[in-house]
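Take a look at the structure below.
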Amino acid sequence: MAKFTLSVPDMSCQHCVNRITKALAGLGLSKHSVSLEDKVVEVEAPDIKVVMDALEEIGYPASIVQDSL
């Protein structure tokens, strides 16, 4: 599994954090952190596209932070 940092600019409150955390758990990803202050999600995943698609589905489009590649 690779570690990725995603920018999630639409994250604005604890409710957002909870929805994102629930979506990541629903994908079976246990190694992740969500920072409301920095508006980033750090996640270990085999396929980052699946993660990004799941976030987009719940209204939080994300982009990969370049230095995480």
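The values are calculated or read from the model by the stated rules, or taken from the named source; none is laboratory data. Source: prediction; values computed, not measured. Every residue, glycine among them, receives a Cβ derived from its backbone with ideal geometry; neighbour counts consider all protein chains shown. The area values use the complete protein model at the heavy-atom level, side chains included, leaving out ligands, DNA and RNA. Shrake-Rupley method; radii C 1.70, N 1.55, O 1.52, S 1.80 Å.
Quick notes
- Note on Asp53 and His15: the model spin-label points, each 7 Å out from Cα along the C-beta direction, lie 2.8 nm apart.
- Surface/4 of the Cα convex hull for the chain, nm²: 3.9
- Solvent accessible area, Å² - Lys49, 1.4 Å probe, full protein context: 120
- Surface composition of the chain: carbon and sulfur atoms hold 51% of the protein heavy-atom accessible area at a 1.4 Å probe.
- Rounded to whole numbers, the Karplus 3J(HN,Hα) couplings from phi for the range 27-42 are 8, x, 9, 8, 9, 7, 9, 10, 10, 5, 4, 8, 6, 10, 10, 10 Hz, using 6.51 cos²θ - 1.76 cosθ + 1.60 with θ = phi - 60°, and x at Gly and Pro.
- If you take all other residues with their beta carbon under 14 Å from the beta carbon of Gly28, and give Lys and Arg +1 and Asp and Glu -1, the sum is 0.
- Estimated from the Cβ-Cβ distance and a Förster radius of 25 angstrom, the FRET efficiency linking Gln66 and Lys31 is about 0.75.
- Taken about its Cα centre, the chain carries a charge dipole of roughly 180 debye when the Cβ of each Lys and Arg holds +1 and the Cβ of each Asp and Glu holds -1.
- Estimated 222 nm signal from helices in the chain, with DSSP H stretches of n ≥ 4 weighted -39500 (n - 2.57), rounded to 500: -10000 deg cm²/dmol
- For the pair Ser7 and Glu44 in one chain, pulling the backbone fully straight at 0.36 nm per residue adds 11.9 nm over the alpha carbon distance.
- Proximal charge balance of Ala45 [Cβ under 10 Å; K/R count +1, D/E count -1]: +1
- Coil-residue GluC sites (Glu not before Pro) of the chain, DSSP, other Cβ within 10 Å capped at 16: Glu37
- Residue-count net charge about Ala62 - beta-carbon cut-off 12 Å; Lys, Arg +1, Asp, Glu -1: -3
- Normalised per residue, the accessible area of the chain is 61 Å², obtained with a 1.4 Å probe and no contribution from ligands, DNA or RNA.
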